[in-house]
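As structure tokens, the structure follows; a few thoughts come after it.
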Amino acid sequence: MSKENIVRLSTAARFHRDVRRIFRAAVYAVEPQALMRRKVHVINDKLHFKVGSLDATSRVYEPNHNIYVCGMGKAVAPMAAQLQNLLWPHIQQGIISIPVGFTHLAQLLKKPWLPKYPIEVLEGAKGNIPDEASLSASQKIIAMIEPLSETDILFVLISGGGSALAPLPKTPLTLPEKQALIHKLSSSGASIEEINTVRTRLSALKGGKLLARTRARVISLILSDIIGSPLHLIASGPTVLPLTKGDTEEAIEILRKYNIDVSTHLAEIMNRSSSISIPTAKVENHIIGSNVVALEAAKQEALSLGYHVVVATDRLIGEARNVGQGIAKIATHGDTFDLNVSEEVRQQLKNLPHDSVICVLFGGETTVKVTGSGVGGRNQELALSAAIALNGHRRDVVLLSAGTDGIDGPTDAAGAVVDQKTISLYKRLCVAENKTDASSYLANNDSYNFFKGIHDAHFKIGHTGTNVMDIQVLLFETTTNDSSNTS
């Protein structure tokens, strides 16, 4: 589109167009195959792997028909497919454990997300719950990697969802016993750190134990779906030692904290293999993609579209409806005190340039406290809350909140797009039909059905094949006479 045509767009139309372009740029940047292409190259039959956040240096390997591949997670199939494109003459065998339905989805969407022989694709963990299929996949991975020698190279591909897809418990613990224990912890409100501390004491592969199963050199490529990208927490760190040694006493304290009985039998299992030596010298762990990468791509796209950009945080947390209100206040009042952003960012947002179009970016993962019986997801709930807070604001404001995986909760939407007129538009369209008001939808956790009645409010992009949590894009304008965003 020419600059002349861009000028002719109203500010509102421009914002609605650009907010989608900025989000899509973020997702494109973290598509697994794009990440693999950026990080892994084959030059003169030598494998060059770029390391560091700036990809400034490379490590070089000489493959000699000695490469093996294993993986577990929601995004590892496209990663494996791209690795195979690069190294197909040298790959001897591979096994990846992916969610039920992914193969059908890739075929339905006609996406090149699936590797071919000799990489075997195994599906399991329906509904992200470990099952016999994912247990079997874990056992097959071990059977493949145990005979490998020091001259072999083992690529381990890891993404979110890997915990459920590689659930092998320590002997003699059974999978149902392990799952019952983890479910008790989760339902009792234990943190992910606490759950993983216990999980690593019960697992045969997690907490770096995969390394003890093979003599091969291990290159672990990781797509992060956790705030801050802690290596030991992503898929429970099969190639990463815990930050603490995961002492049995610590795990037992966590269980007792949540009033979970620890039998002598369970304590013995948790103690078993505590003395195993895990050879960390032979492993390289690399984050190839994260929310930070997506936000940087979004920033560059916004800059190219003429916006003044502030990346507020890549660690957005909190109750979705509260966060939505907090994001809205940035545009309406220049207030950031309801959000977990740094003092530096607060100052940037207090001193925005006048007569400018502003883009504020957020990344992270909020939560929803479900008290109602409606349908929705954290991004739609955040957007609905923001729409209520923005209602009637005198200047154009547009917010998009969506999941980078293309799915928000048990719905077909990635999230939603709202502006300062969303609520008034809803009232014109829906109140005449005796539908409930926006606040009631929010109280009932029914954000999906609220947006369902408004044209183009839902943001639907389908499954993306990646997942680096959520992105929020806030666009608004400042003027010389507008004191909303000045100190």
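The values are calculated or read from the model by the stated rules, or taken from the named source; none is laboratory data. Small disclaimer: the values here were computed from a predicted structure and weren't measured. As a convention, Cβ positions derive from the backbone with ideal geometry for all residues, glycine included, and neighbour counts pool all protein chains shown.
Can you name every residue in the stretch 326-351 that is surrounded by 19 or more Cβ atoms within 10 Å (Cβ to Cβ) and more than 12 Å from LEU474 (Cβ to Cβ)? Listed by number, the residues that qualify are GLY334, VAL341. Pairing residues of the stretch 212-224 that are surrounded by fewer than 24 Cβ atoms within 10 Å (Cβ to Cβ) and of a type outside the set (A, V, I, L, M) with residues that are in a helix (DSSP H, G or I) and at pLDDT below 95, at Cβ distances under 7 Å and at least 6 apart in sequence or on separate chains, gives ARG217/LYS282.
Of all residues assigned to the stretch 146-154, at least one qualifies as being in the same structural domain as ALA34 (by the TED database), closer than 21 Å to MET36 by Cα, buried (at least 16 other Cβ atoms within 10 Å of the Cβ) and not acidic (Asp, Glu).
Just to check your reading of the model, which residue among ALA180, ALA143, ALA164 is crowded, with 20+ Cβ neighbours inside 10 Å and part of a helix (DSSP H, G or I)? Steps first, answer last, please.
Details: ALA180 fails: crowded, with 20+ Cβ neighbours inside 10 Å; ALA143 fails: crowded, with 20+ Cβ neighbours inside 10 Å.
Unique residue meeting the criteria: ALA164.
Under the condition of being loosely packed, with under 14 Cβ neighbours inside 10 Å, at pLDDT below 85 and of a type in the set (S, T, N, Q), the residues counted in the stretch 45-79 number 2. Among the criteria (1) among the aliphatic types (A, V, I, L, M); (2) free of Cβ contacts under 8 Å to residues at least 12 places away in the same chain; (3) within 20 Å of GLY289 (Cα to Cα), the one MET79 does not fulfil is (2). Just give me the residues in the stretch 1-24 being modelled with pLDDT of 75 or more and either closer than 18 Å to SER220 by Cβ or surrounded by fewer than 20 Cβ atoms within 10 Å (Cβ to Cβ) (or both), in sequence order. Those that are modelled with pLDDT of 75 or more and either closer than 18 Å to SER220 by Cβ or surrounded by fewer than 20 Cβ atoms within 10 Å (Cβ to Cβ) (or both): SER10, THR11, ALA12, ALA13, HIS16, ARG17, ARG20, ARG21, ARG24.
Looking only at residues of the stretch 95-136 that are part of a loop (DSSP other than H, G, I, E, B) and touching a residue at least 60 places away in the same chain (Cβ under 8 Å), we find that the one that is farthest from LYS46 (Cα to Cα) is LYS111. Of all residues in the stretch 440-456, those being of a type in the set (Gly, Ala, Ser) and at pLDDT 95 or above number 1.
Answer yes or no as to whether VAL27 is touching a Ser or Thr at 6+ places or on another chain (Cβ under 8 Å), surrounded by 16 or more Cβ atoms within 10 Å (Cβ to Cβ), under 29 Å from GLU123 (Cα atoms) and modelled with pLDDT of 95 or more. Yes, satisfied.
Is it true that some residue in the stretch 402-424 is in a loop (DSSP other than H, G, I, E, B), modelled with pLDDT of 90 or more and closer than 15 Å to ILE22 by Cβ? The answer is yes, given that some residue of the stretch 402-424 is in a loop (DSSP other than H, G, I, E, B), modelled with pLDDT of 90 or more and closer than 15 Å to ILE22 by Cβ.
In a strand (DSSP E or B) and at pLDDT 95 or above, is that true of GLN92? If you could, list the steps in order and put the result at the bottom.
On the way: in a strand (DSSP E or B): yes; at pLDDT 95 or above: yes.
So GLN92 fits the description; yes.
If you go through the stretch 358-416 and keep only what is more than 19 Å from ILE454 (Cα to Cα) and basic (Lys, Arg), you end up with LYS369, ARG394, ARG395. The residues in the stretch 301-347 that are among the aliphatic types (A, V, I, L, M) and not in a helix (DSSP H, G or I) can be counted, and the count is 9.
Do you know which residues across the stretch 183-209 are part of a helix (DSSP H, G or I), of a type in the set (A, V, I, L, M, F, W, C) and under 23 Å from the mean Cα position of the chain (by Cα)? Quick ask: steps written out before the conclusion?
Start the filter on the stretch 183-209 by keeping residues that are part of a helix (DSSP H, G or I), which leaves 183-187, 192-202, 209.
Subsequent filtering for residues that are of a type in the set (A, V, I, L, M, F, W, C) retains 185, 192, 195, 198, 202.
Once the filter is applied, which keeps residues that are part of a helix (DSSP H, G or I), of a type in the set (A, V, I, L, M, F, W, C) and under 23 Å from the mean Cα position of the chain (by Cα), the stretch 183-209 yields LEU185, ILE192, ILE195, VAL198.
On the basis of being modelled with pLDDT under 95, closer than 23 Å to SER290 by Cβ, of a type outside the set (Phe, Trp, Tyr) and surrounded by 21 or more Cβ atoms within 10 Å (Cβ to Cβ), does LYS111 make the cut?
no
Report whether or not GLY228 is in contact with a strand residue (DSSP E or B) (Cβ under 8 Å, 6 or more places away or on another chain) and either at pLDDT 90 or above or not assigned by the TED database to the domain that holds MET469 (or both). The answer is yes for GLY228.
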